[in-house]
Structure formats: C-alpha cells, structure tokens
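Note sheet for the following structure.
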Amino acid sequence: MATALVTGATAGIGAAYAKRLANEGYDLILVARDKKRLTDTAKSLSKEFGVKCEILVTDLTKSAQLAKVEKRLASKVKPIEVLINNAGFGINKSFLDSARDAEQELLDVLVTAPMRLTHSVLPIMKERNSGTVVNVSSVASWIAGGTYSAAKSYLTVFTESLHSELRGTKVNISALCPGFTRTEFHERGRMKMTGLPNFMWLSAEMVVAHSWKAAKANKAICIPGWQYLILSSISRFGPRPLVRKIGMNVRKKQR
C-alpha cells in the first residue's frame with residue numbers, strides 16, 4: 001500500500017487532503033504541532049478507512065524537528081508516494097508593524113519547510129520514476145499582499161520550475177492556488193473576514209477535489225473556483241499598479 005505524508009494535517013485543507021488520500025487507500029504520515037489533534041485525527045482516519053496512520057509531532061520552524069520529517073521522506077523503506085506541503089499561517093499586520101520573529105517563522109513554514117521537504121523526497125521519487133508533490137500555495141501569490149504573498153509567490157514559482165525540470169518523468173508536481181477557503185486559517189491569524197461575500201468562500205473539500213485531480217493530471221497550477229480564475233487572471237496579467245491596489249485592499253479587509 002502506498003504512503004502519503006501531509007503537513008498541517010489536522011485542520012482545513014490538510015485535514016481534507018488526509019481524508020481524501022485515506023479514502024483512496026493511502027497509508028498516512030500526519031505532520032503537525034498538536035500531538036492530541038494528530039492522535040485523534042490518526043485514530044479517526046484509521047477507523048473510518050482502515051489505513052495505517054503514523055504521526056510526526058513537528059514544529060516546522062525548528063530545524064532539528066524539520067530534519068525528522070526530511071529523514072522519513074528520504075527513506076527508501078516504504079517510500080513516500082505523495083507529499084502534500086500544506087502547513088502555513090498568516091500575519092495580520094503590515095511588515096512595518098509585525099515582529100521580526102513572526103516574519104521569520106512565516107518564512108520558515110511557508111518557504112524553508114516545503115523547499116527542504118521537497119528536496120528530500122524528489123530524488124527518491126525520480127529514481128523510482130513515480131510520485132506526486134502538491135505545494136499548497138495561494139492566489140495571493142500573484143498580488144502584492146505583504147510577506148504572505150511574497151512567500152506564496154516563491155512556492156508557486158518553485159513548483160512551476162520543478163514541473164519543467166521533471167518533464168519526461170512520471171513524477172508529478174502541482175501548486176494548489178486557492179482563494180478564501182473555510183478553514184481555521186483566518187481565525188488563527190485574527191483576521192476579520194466579515195466583509196467578504198459568501199460566494200467568495202470555498203470549502204476545503206472542494207479545493208482538495210480540484211487539486212488532487214489536477215495533480216494526477218500533472219498540471220503545474222490548480223486554481224479552484226470560477227471566481228478565483230477571474231481574479232487570478234487579473235492579478236497575473238493586469239497592470240502592476242492595479243495588482244498592487246488589489247493587494248492593499250485585500251490586506252485592509254483582513255484587519
């Protein structure tokens with residue numbers, strides 16, 4: 001039975017991805033910081049789908065703890081077939097007002113961790129000529145919306161580059177770029193989202209369904225939802241002054 005590893009696996013898109021993969025028969029390695037939530041999630045998925053679930057209690061901002069996950073990904077004993085780089089968080093402050101430590105942690109989780117984890121698993125996948133990596137990015141990667149957008153931009157471009165590099169192999173890599181999705185993300189970031197109309201919200205299950213279909217088809221980028229296909233087209237191809245204005249308006253709505 002194939003094995004999948006999911007970071008940020010206890011809530012939101014990560015939890016939805018874990019459930020999707022368990023439903024398809026993958027054994028799971030679940031990565032997050034909260035041991036109790038990890039244990040509860042593992043027990044629930046094992047009971048519902050009859051798969052094996054291993055947990056790795058990991059703070060991805062800590063290099064030594066991240067190394068434990070890297071070691072598992074690099075192992076050729078029961079190799080990882082699917083890696084979902086999902087863990088992330090946002091900062092509800094402008095760069096001028098935020099704490100430097102918080103900004104560093106954002107880079108650690110959104111940039112350094114997925115880079116290191118992908119770097120660990122891809123050589124094994126390429127040698128086996130089989131595997132899938134999904135990097136959970138955001139439509140924010142195309143707007144000027146603070147350091148969160150900058151970090152997600154790295155993740156999107158990183159994925160596109162690897163997609164080109166892996167052309168001709170059976171290793172798939174895809175960047176999932178969702179818009180506003182109903183998860184714990186905004187609550188944990190203390191972001192006020194009451195002004196956002198309901199039609200702009202996506203469900204984690206819908207986002208994951210689109211993403212997994214795109215990943216299996218080896219599409220470099222997946223943008224779920226018609227509303228975000230339109231928004232991303234404007235932000236990707238529109239005049240940069242307009243894109244910067246959109247980014248600032250999005251930031252203001254979250255405060």
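Residues being β-branched (Val, Ile, Thr) and at pLDDT below 85: count how many of those fall in the range 172-189. Outline the logic, then answer.
Let us first name the residues in the range 172-189 that are β-branched (Val, Ile, Thr), namely 173, 181, 183.
Remaining after also requiring at pLDDT below 85: 181, 183.
Selection size over the range 172-189: 2.
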message = If I filter the range 123-145 for residues that are among the hydroxyl-bearing types (Ser, Thr, Tyr), farther than 23 Å from GLU81 by Cβ, buried (at least 18 other Cβ atoms within 10 Å of the Cβ) and in contact (Cβ under 8 Å) with a residue 60 or more places away in the chain, do I get at least one hit?
response = no
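Yes/no matrix, rows are residues, columns are (1) touching a helix residue (DSSP H, G or I) at 6+ places or on another chain (Cβ under 6 Å); (2) surrounded by 16 or more Cβ atoms within 10 Å (Cβ to Cβ); (3) among the hydroxyl-bearing types (Ser, Thr, Tyr):
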| site | (1), (2), (3) |
| --- | --- |
| VAL51 | yes, yes, no |
| ARG72 | no, yes, no |
| LYS78 | no, no, no |
| VAL82 | no, yes, no |
query = Taking only pairs six or more apart or across chains, which ones have beta-carbon atoms under 7 Å, a first residue in the range 67-83 that is touching a residue at least 60 places away in the same chain (Cβ under 8 Å), and a second residue that is assigned to a helix (DSSP H, G or I) and among the small types (Gly, Ala, Ser)?
reply = LEU73/SER120
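When you scan the range 1-116 for helices (runs of 4 or more DSSP H) that lie fully inside it, which ones turn up with 2 or more residues that are at pLDDT 95 or above, more than 25 Å from PRO178 (Cβ to Cβ) and basic (Lys, Arg)? Working first, answer last.
On the way: elements: 12-23, 35-49, 63-74, 100-107.
Of the helices (runs of 4 or more DSSP H) lying wholly inside the range 1-116, those with at least 2 residues that are at pLDDT 95 or above, more than 25 Å from PRO178 (Cβ to Cβ) and basic (Lys, Arg) span 35-49, 63-74.
For the range 11-49, enumerate the residues that are of a type outside the set (S, T, N, Q) and surrounded by fewer than 15 Cβ atoms within 10 Å (Cβ to Cβ). Steps first, answer last, please.
As a first pass, look at the range 11-49 and keep what is of a type outside the set (S, T, N, Q): 11-22, 24-38, 40, 42-43, 45, 47-49.
Of everything in the range 11-49, those that are of a type outside the set (S, T, N, Q) and surrounded by fewer than 15 Cβ atoms within 10 Å (Cβ to Cβ) turn out to be GLU24, GLY25, ASP34, LYS35, LYS36, ASP40, LYS43, LYS47, GLU48.
The values are calculated or read from the model by the stated rules, or taken from the named source; none is laboratory data. What you see is a predicted model; the values in this text were computed from it and never measured. Neighbour counts are summed over all protein chains in view; Cβ atoms, including those assigned to glycine, are modelled from backbone coordinates with ideal geometry.
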